[in-house]
Amino acid sequence: MNKLVGLTRNFSSSSSLNAIKTVTVVGGGLMGSGIAQVSAQAGQNVTLVDLSPDILQKSQKSIENNLRRVAKKIHKDDASKIDNYVKESFDRIKVSTKVEDGLNSDLIIEAIVEKLDIKQQLFNKLDELAPQHTILATNTSSISINEIGTGIKRKDRFGGLHFFNPVPVMRLLEVIKGDHISEETYQAMMEWGKSVGKTCITCKDTPGFVVNRLLGPYSAEALRMYERGDATKEDIDIGMKLGAGYPMGPLELADYTGLDTNKFVLQVLYEKTKDPVFKPIPLLDKMVAEGKLGIKSGEGFYTYKK
Ligand code: 3HC
């Protein structure tokens, strides 16, 4: 089945009174630009906010390229339809360096740096300035939703929307229920997730939610296996691709996700669960300290052309 099939769907106004039609994404990195892209593809008006004009410029370039990949799949060799698809979707995304320009949306999704205090500051500001009906959501991979939302008043209109990399391709969206989310907000988030072509699953506010809680031990054990010299990196990766049907091996995936992100997720899981499987891994610490972060730095377990 075409992995991108969900992306061709148009956003249909749902029966819910709270259907989300306008979205602001705060953070123009890989995840933020992917979220902006799938929202625009689904016909929604998007504001993409980042403090850095350079990052916004890079995001726009990557969104345009990725929209073209999607358009080519939908419209095959029809060049004018491809161009139209790219232009129409691309034009739905406005960019800004000021969060104030994105306040008037039905949904604001945060996809900034994984630092609790910085996320809290942002949400406190959004809570104060955004209209009452606006739903606030975080794309955090592993920080507690309840902790991020400690200072906000609209706790009933706040939750987690956790996307996977690459956002335009991965079909899953984890909808995370904080302790105070209302049923109405939860349903609006689930409907919105479907409208952008994702299959939604629900998880309580637990460390790593569903996917990272399960990927964490798998990734950690693969790193330790390589660290001990049990097998070569190539054989570990081939093993899981051909023996377990994974699209990427665990070390390739670590390079793809970013070794710093990997380290961060394991660290949070260890702090929250004290499960020794998540204990720091000296090899991972060393590689991150040396700036070997995977694809984004040009070197991780493998080397990449920049
Ligand atoms: N935008 C649009 N389309 C894209 C794309 C993008 N950014 N990236 C890839 N594609 C499309 C390609 O055009 C291609 O389409 P086709 O199959 O219809 O021709 C398809 O996706 C596959 O791409 P490629 O042929 O370039 O490469 P691969 O076949 O090797 O697939 C992959 C690449 C989709 C990344 C695949 O290897 C994969 O699924 N890997 C696992 C990724 C994964 O596990 N992600 C989750 C990480 S954990 C996470 O994100 C959580 C966070 O909290 C850390």
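Quick one: work out the % antiparallel among DSSP beta bridges in the chain, nearest 5.
Counting only bridges with both partners in the chain, antiparallel ones make up about 15 percent.
Would you mind checking the pairs K58/K306; K125/K263; K61/K98; K198/K292 and listing those with alpha carbons more than 22 angstrom apart?
As for pairs spanning more than 22 Å Cα to Cα, those are K125/K263; K198/K292.
Pull up the DSSP beta bridges for the range 125-207 and report the antiparallel fraction as a percent, rounded to 5.
If we restrict to bridges inside the range 125-207, about 25 percent are antiparallel.
Taking Rh as the Kirkwood radius, which is the inverse of the mean 1/r over Cα pairs, what is the Rg/Rh value for the range 59-164?
When Rh is taken as the Kirkwood radius, the ratio is 1.09.
As a test of understanding, state the convex hull volume per residue of the chain from its alpha carbons, in Å³.
Convex hull volume per residue, Cα atoms: 139 Å³.
Can you sort E174, E100, E184 by solvent-accessible area, 1.4 Å probe, largest first?
Result, largest first: E184, E100, E174.
Using a cut-off of 21 Å between alpha-carbon atoms, which lysines can reach K194, once sequence neighbours fewer than 8 places away in the same chain are excluded?
K3, K21, K73, K177, K204
Per DSSP H run of n ≥ 4, the term is -39500 (n - 2.57); total these for the chain, divide by its residue number, and report the mean residue ellipticity at 222 nm rounded to 500 deg cm²/dmol.
-14500 deg cm²/dmol
Taking the simple approach of a point 7 Å from Cα along Cα-to-Cβ for both K305 and D275, what is their distance in nm?
That separation, rounded to one decimal, is 4.0 nm.
Roughly how large, in nm² to one decimal, is the mean projection of the convex hull of the alpha-carbon atoms in the range 130-169?
The directionally averaged projection comes out at 3.5 nm².
Taking K and R as +1 and D and E as -1, what net charge do the other residues with C-beta under 11 Å from the C-beta of D127 add up to?
Net of charged neighbours comes to +4.
Round to a whole angstrom and tell me the spacing of the C-alpha centers of the range 36-88 and the range 151-197.
22
Give me the 1.4 Å probe accessible area per residue for the range 19-169, excluding ligands and nucleic acids, in Å².
44
How big is the accessible area of T202 in square angstrom, nearest 10, if you roll a 1.4 angstrom probe over the protein chains?
60
Excluding T22 itself, what net charge comes from residues whose Cβ is under 14 Å from its Cβ, given Lys and Arg +1 and Asp and Glu -1?
+1
The values are calculated or read from the model by the stated rules, or taken from the named source; none is laboratory data. A quick note: this is a predicted structure, and the numbers were derived from the prediction, not measured. Don't worry about glycine lacking a Cβ; one is built from the backbone with ideal geometry, like all the others, and counts go over all protein chains shown. Calculation scope for accessible area: heavy atoms of the full protein, side chains included, ligands and nucleic acids excluded. Shrake-Rupley method; radii C 1.70, N 1.55, O 1.52, S 1.80 Å.
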